[in-house]
1. Can you name every residue in the range 180-205 that is more than 25 Å from L57 (Cα to Cα) and assigned to a loop (DSSP other than H, G, I, E, B)?
2. So which of Y198, Y187 ends up being out of contact with any Asp or Glu (no Cβ under 7 Å at 6 or more places or on another chain) and touching a residue at least 40 places away in the same chain (Cβ under 8 Å)?
3. Quick one: would you say F64 is within 18 Å of L121 (Cβ to Cβ), more than 18 Å from the chain's Cα centre (by Cα) and away from the ligand (no atom under 16 Å from the Cβ)?
4. Within the range 86-112, work out how many residues are part of a loop (DSSP other than H, G, I, E, B), more than 15 Å from the ligand (Cβ to nearest atom) and surrounded by 15 or more Cβ atoms within 10 Å (Cβ to Cβ).
5. Check D116 against each of (1) more than 18 Å from the chain's Cα centre (by Cα); (2) modelled with pLDDT of 95 or more; (3) outside any helix (DSSP H, G or I) and name the one condition it does not meet.
6. Among the candidates V228, V202, V196, V216, single out the residue that is under 19 Å from F19 (Cβ atoms) and buried (at least 18 other Cβ atoms within 10 Å of the Cβ).
7. Given (1) within 16 Å of the ligand (Cβ to nearest atom); (2) polar (S, T, N, Q); (3) at pLDDT below 95, identify the lone condition not met by N150.
8. If I go through the range 4-29 residue by residue, how many of them are modelled with pLDDT under 95 and surrounded by 14 or more Cβ atoms within 10 Å (Cβ to Cβ)?
Amino acid sequence: MFIAANWKMNLDKQSILEFSKDLQNFKFSKDVRACIFPPMTYIDFLNRQIQNLPIYLGGQNCHFKSSGAFTGEISPKFLKDTGCEYVIIGHSERRIFNKENNNEIKLRAHSAINADLKVILCVGENLIDREKGNAIKFIENQILKCIPENFENSYIAYEPIWSIGTGKIPSVLEIREAHRNIKEILYKKFNVNTKVLYGGSVNVENINQILKIAEVDGVLVGGASLKVKDFLAIYTAAVKHLNNSL
Ligand code: 13P
């Protein structure tokens, strides 16, 4: 089980310091992996605050080249060097605001995996495609175009765009259908068993309902991961869920 916290462009140094202090006495479980994706400039700072804790670190994006004249970009090698184990690629906010297309996302994922990072590759439909009944087809197309052939030890995050930051989540059936399809496509095409995280308005109220869906291997949390109390409550829900299902 995997609880991933995507902080996006939030939390400054002082807030990170306070967040980290509140993590110090928490009892983490070896069965539930926690990973935080802070703003790039604070990865090293956060790393130093949580060095003694079993929390992994990740970058929110990386470039497809390992070095060169790419002003403002981050090399996957640098993420690895700074202590990251994971990287998010193809988040819908990058696709929309930074015009990253499927081909570029594939290149970024490929080079991240080559740099020994585990990728969390994001897919998900917009509201129009969901309402037209095209969601599964849309996701399938994204996956076939974005997944590099070296996609090992990596994850997919199913994040419907209409659910991000809106408080709306798909029904249990819709999440199950999407996750099942994603797993099937990846197995058929690449012969890999892939873990799929759900992302989009995950919070303390809906976490139990989401974790009950057997096809959900974890969650990618945005807004609710910015408050340490909520982040730890979501983590605790995952631990309880695992204990109950043993
Ligand atoms: P919210 O949890 O704020 O909806 O964000 C989800 C997300 O985009 C995580 O990557």
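1. If the condition is that a residue be more than 25 Å from L57 (Cα to Cα) and assigned to a loop (DSSP other than H, G, I, E, B), then N191, E205 are the ones that fit.
2. Numbers: Y187 fails: touching a residue at least 40 places away in the same chain (Cβ under 8 Å).
The unique qualifying residue is Y198.
3. Yes.
4. Within the range 86-112, the first condition is being part of a loop (DSSP other than H, G, I, E, B), and the residues that meet it are 90-91, 98-101.
Right, trim to more than 15 Å from the ligand (Cβ to nearest atom) and you get 99, 101.
Then keep just the ones that are surrounded by 15 or more Cβ atoms within 10 Å (Cβ to Cβ); that gives none.
The number of residues fulfilling the criteria is 0.
5. (1)
6. Values: V228 fails: buried (at least 18 other Cβ atoms within 10 Å of the Cβ); V196 fails: under 19 Å from F19 (Cβ atoms); V216 fails: under 19 Å from F19 (Cβ atoms).
Residue meeting the stated conditions: V202.
7. (1)
8. The total comes to 0.
The values are calculated or read from the model by the stated rules, or taken from the named source; none is laboratory data. What you see is a predicted model; the values in this text were computed from it and never measured. Neighbour counts run over all protein chains shown; Cβ positions are idealised from the backbone, glycine included.
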